[in-house]
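Q: Can you read through this structure? Questions will come right after.
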Amino acid sequence: HLLSHLTGGYGQNGTISSLVNSTRVHLLPSMNPDGFNNSWVGDCHSVWGRGNARDYDLNRNFPDKFEENTAPLQPETRAIMNWTTHIPFSLSAILHGGALVATYPWDNTPLGEYGRSEYSRCPDDDIYRHLALTYAENHGNMHQGDVCAGDYFVDGVSNGAHWYPIKGGMQDWVYIHGECLTITLELSCCKYPPADELRDFWEDNKNSLMELLLQTHRGIKGQVFINGTETPVAGAAVAIGDRDNSFHTTADGEYWRILLPGLYDVTVSKDGYTSETRTVTVPDNLTFS
């Protein structure tokens, strides 16, 4: 449905045309085709099909920020790690079922996955809350927060570890090592709803998916060159204010970062070069360029 919406709207809808002309969009139908093959329609609550062919939960299989993950890396996990470190993605969403909520890092805490549930704040917490709220507020009913029995999420969003901590989640790994802002979207109370409900799911999620894609054009983007030349600087670290993280320029010296409107000090540095800091203003509007 999303592909059809983008391709069908291209040349007909100005926003879709601008998005497609200026954005590289990748869609991965399934990270776990073996698990999907082992699951069955109408199974709303079990964990059958969560594991791959070797019965490893791929969303508990990544190296973890807070504790050692001893589960052997699976081929599917390695493929995702290779993909997200070789293409400079700026935003991604992981789609799950079993609840109705948009979650964001961190997914674990210094106490580990068996510790208590608590808010685990990452350096880009403000941006992540904006992304999650953007999705929930534009969704048909996610923003209500209590659609699925037994769940309640304020405004339909949650910090991952505040819901419950997990070890080895994909979301945190891609954020750290892929340098890509990544949220997880739980899109249905039933884990495997029947196909005849997919049209309704699309209608509930259409505006949310489009608004999330458009967020890639909120913030800063640019290119780093050696002063006085047109020689790009690859692998330069870009830091925003006093945030305790950084991201890096591409082979062509390009960078992108989603930021909320405001003033920011942006510092670019690399060994062997003099660092430079500039103050930039992020406007309220999206910029397609």
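Q: Along region 107-123, what does the Karplus equation 6.51 cos²θ - 1.76 cosθ + 1.60 (θ = phi - 60°) give for ³J(HN,Hα), rounded to whole Hz, x for Gly and Pro?
A: Rounded to whole hertz, the list is 8, 10, 9, x, 7, x, 5, 9, x, 6, 6, 7, 5, 10, 7, 9, x.
Q: Let me ask something additional. Would you list which lysines come within 16 Å of LYS167, measuring only between C-alpha atoms, while excluding same-chain residues fewer than 8 positions from it?
A: Correct list for LYS167: LYS65.
Q: Express the accessible area of the chain per residue in Å², computed with a 1.4 Å probe while the remaining protein chains stay in the model.
A: Working: 15040 Å² over 289 residues.
Roughly 52 Å² per residue, with all protein chains present.
Q: Mind checking the angle between helix 75-86 and the chain's longest principal axis? C-alpha axes, 0 to 90 degrees, to the nearest 10.
A: On a 0 to 90 degree scale, this one is about 20.
Q: Let me ask something additional. On full extension of the chain, what length is gained from HIS96 through ASP252, given 0.36 nm per residue of separation minus the C-alpha to C-alpha distance?
A: Working: separation 156, 0.36 × 156 = 56.16 nm, distance 3.43 nm.
Here the segment from HIS96 to ASP252 would lengthen by 52.7 nm.
Q: Restrict the search to region 119-218; then list the chymotrypsin sites (Phe, Trp or Tyr not before Pro) that DSSP places in a loop and that have at most 15 other Cβ atoms within 10 Å of their Cβ.
A: On the way: sites: TYR119, TYR128, TYR135, TYR152, PHE153, TRP163, TRP173, TYR175, PHE201, TRP202; in loops: TYR119, TYR152, PHE153.
Loop-located and lightly packed - TYR119, TYR152.
Q: In vacuum, with every alpha carbon of the chain counted as one equal point scatterer, what does the Debye formula give for log10 I(q)/I(0) at q = 0.07, 0.14 Å⁻¹? Two decimals, please.
A: -0.28, -1.15
Q: Highest GNM mean-square fluctuation, the chain, Cα pairs closer than 10 Å: which of GLY11, GLY168, GLY115?
A: Greatest mean-square fluctuation among the candidates belongs to GLY11.
Q: Follow-up. Report, in cubic angstrom per residue, the convex hull volume of the C-alpha atoms of region 1-104.
A: Numbers: hull volume 16.1 nm³, N = 104.
So the per-residue Cα hull volume is 155 Å³.
Q: Another question, if that's okay. Short version: ³J(HN,Hα) in whole Hz for each residue of region 236-243, in order, from phi by Karplus 6.51 cos²θ - 1.76 cosθ + 1.60 (θ = phi - 60°), x for Gly and Pro, what are they?
A: 6, 7, 10, 10, 10, x, 9, 5
Q: Would you work out which of LEU19, VAL41, THR70 lies farthest towards the positive end of the dipole of region 19-138? Charges go on Cβ: Lys and Arg +1, Asp and Glu -1.
A: LEU19
Q: Can I ask one more? Can you tell me which of ASP125, ASP172, ASP242 moves the most in a GNM of the chain? Springs connect C-alpha atoms under 10 Å apart.
A: Greatest mean-square fluctuation among the candidates belongs to ASP242.
Q: Note down, for region 112-225, the three equivalent ellipsoid semi-axes (square root of 5 times each alpha carbon gyration tensor eigenvalue), biggest first, whole angstrom. If you can, show how the numbers build up before the last one.
A: Working: eigenvalues 123, 88, 35 Å².
Listed largest to smallest, the semi-axes of region 112-225 are 25, 21, 13 Å.
Q: Within region 230-279, which trypsin sites (Lys or Arg not before Pro) sit in a loop by DSSP and count at most 13 neighbouring Cβ atoms inside 10 Å?
A: Sites meeting the loop and neighbour criteria: none at all.
Q: Taking a Cβ-Cβ separation under 4.7 Å as the criterion for a possible partner, which cysteines of the chain have none?
A: CYS122, CYS180
Q: If you roll a 1.4 angstrom probe over the protein chains with everything in place, what fraction of the accessible area of the chain belongs to carbon and sulfur, to the nearest %? Numbers along the way, then the final one.
A: Values: 7480 of 15040 Å².
Within the chain, the accessible surface is 50 percent carbon and sulfur.
Q: Here is a follow-up. Quote the FRET efficiency, to the nearest 0.05, computed for ASP34 versus LEU73 with a Förster distance R0 of 25 Å and r equal to the Cβ-Cβ distance. All intermediate terms of the calculation are to be shown ahead of the outcome.
A: Numbers: r = 16 Å, r/R0 = 0.63.
According to the calculation, E is roughly 0.95.
Q: Can you tell me what share of the DSSP beta bridges in the chain is antiparallel? A percent to the nearest 5 is fine.
A: Numbers: 24 of 33 bridges.
Just about 75 percent of them are antiparallel.
Q: Zone of ASP55 (label point 7 Å along Cα→Cβ, backbone N under 20 Å): which residues in region 74-100?
A: Of the residues in region 74-100, 74-77 have backbone N under 20 Å from the label point off ASP55.
Q: Sorted by average packing, counted as other Cβ atoms within 10 angstrom per residue and highest first, what order do 2-8, 34-40 take? All intermediate terms of the calculation are to be shown ahead of the outcome.
A: Numbers: 2-8: 12.7, 34-40: 14.7.
My ranking of the peptides, most packed first, is 34-40, 2-8.
The values are calculated or read from the model by the stated rules, or taken from the named source; none is laboratory data. Remember, predicted model here, so these are calculated numbers, not experimental data. Cβ coordinates were reconstructed from backbone atoms using ideal geometry, including for glycine residues, and neighbour counts include every protein chain displayed. Ligands, DNA and RNA are excluded from the accessible area calculation, which covers all protein heavy atoms including side chains. Shrake-Rupley method; radii C 1.70, N 1.55, O 1.52, S 1.80 Å.
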